[in-house]
Structures are given as C-alpha cells and as structure tokens.
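The values are calculated or read from the model by the stated rules, or taken from the named source; none is laboratory data. Small disclaimer: the values here were computed from a predicted structure and weren't measured. Note that each Cβ is placed from the backbone with ideal geometry, even for glycine, and that neighbours are counted across all protein chains shown. Note: areas computed on protein heavy atoms with side chains; ligands, DNA, RNA excluded. Shrake-Rupley method; radii C 1.70, N 1.55, O 1.52, S 1.80 Å.
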Amino acid sequence: MLEIGIKGHGKLTVTDSMTAAALGSGAIEVLSTPIMIALMEKTSRMSIADYLEENQRTVGTVVNIKHLAATPVGMEVTCETELIEIDRRRLVFKVACYDKDGIIGEGLHERFIVDKDKFMEKASAKLA
C-alpha cells in the first residue's frame with residue numbers, strides 16, 4: 001500500500017555522454033540538468049513501483065527543480081526521494097541529489113498513476 005514517507009535511493013557516475021555539452025543543454029562538460037532530473041524521476045518511480053497493481057505505472061507530470069552545483073565527469077551522484085503527498089492518483093516527491101561535496105540539486109517532482117494499457121491506447125490514437 002502506498003504511504004507517505006516511502007523513500008528511494010539511486011545513483012550514477014557522470015560520463016561524457018551525460019554532460020550539458022553532450023546533450024546540448026549547455027556548453028560545459030559537467031552533469032547536465034536533464035540527466036539529474038532523469039535520475040530524480042527514475043528514483044521516484046522505482047521507490048513506489050512495488051506498491052502498484054500489475055497494470056499500473058506512473059508517469060512524470062511536474063518537475064520543480066533547482067540545479068545548485070556542478071558535478072564533473074567521473075564523479076558519483078546519489079539521489080534521495082521521499083513520497084510526501086498522495087492525492088488519489090497524484091504523487092508528490094521531495095527529491096535531492098548529492099555529490100561528494102554536498103547537495104547539487106533539490107526540489108519537488110509529481111507523478112501520476114495510470115493504467116498502462118489505457119494510457120498507451122490514448123497515446124497511440126494520436127498516430128491515427
């Protein structure tokens with residue numbers, strides 16, 4: 001059962017392909033904001049995956065994130081998430097990422113519980 005307080009933990013090591021310069025979101029070889037946000041989303045998603053019914057998934061709907069410090073290639077980044085609000089199918093997570101020197105990003109992330117088949121049917125209908 002989904003409950004407030006569920007925590008998640010994730011990590012990655014920054015590679016050249018994860019930099020702002022490689023993704024085009026900037027021109028410097030440090031961890032890009034899109035990759036940091038992807039880690040936050042994945043960690044949030046994985047933290048509650050075992051609590052969902054068989055055909056349920058979550059989709060990210062809102063990110064409100066501050067990227068506070070640069071992380072160079074080769075350094076490990078850890079992510080911590082906590083489920084802080086449940087409003088029917090809307091889930092709100094407090095998220096934060098750290099490198100060895102401290103916090104590099106923080107904010108809130110919302111996800112929405114969907115039925116996978118119905119969600120894909122609606123998305124696929126756009127192709128018709």
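Overview of values
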read-out: Cα centroid separation - the range 1-59 against the range 61-128, whole Å; value: 6
read-out: Relative contact order [Cα under 8 Å, 6+ residues apart], the chain, whole percent; value: 28
read-out: Distance-filtered residues of the range 101-126 - backbone nitrogen under 14 Å, label point 7 angstrom along Leu2 Cα→Cβ; value: 109-116
read-out: Test item: Cα-centred dipole of the range 1-122, Lys/Arg +1 and Asp/Glu -1 on Cβ, debye; value: 240
read-out: Shape call, the chain: gyration tensor on alpha carbons, a/c limit 1.5; value: oblate
read-out: 222 nm mean residue ellipticity, helices alone, for the chain (DSSP H n ≥ 4; -39,500 (n - 2.57); rounded to 500); value: -6500 deg cm²/dmol
read-out: Nearest-ten-degree value, helix 33-48 long axis tilted from longest Cα axis of the chain; value: 40
read-out: The range 23-128: GluC sites (Glu not before Pro) falling in loop per DSSP and having at most 10 other Cβ within 10 Å; value: Glu53, Glu54
read-out: Set Lys66/Lys116; Lys42/Lys116; Lys42/Lys122 screened for pairs whose C-alpha atoms are more than 19 Å apart; value: Lys66/Lys116; Lys42/Lys122
read-out: Cα-Cα pairs of the range 41-102 separated by more than 14 Å (percent); value: 63
read-out: Surface share of carbon and sulfur [accessible, 1.4 angstrom probe, percent] for the chain; value: 53
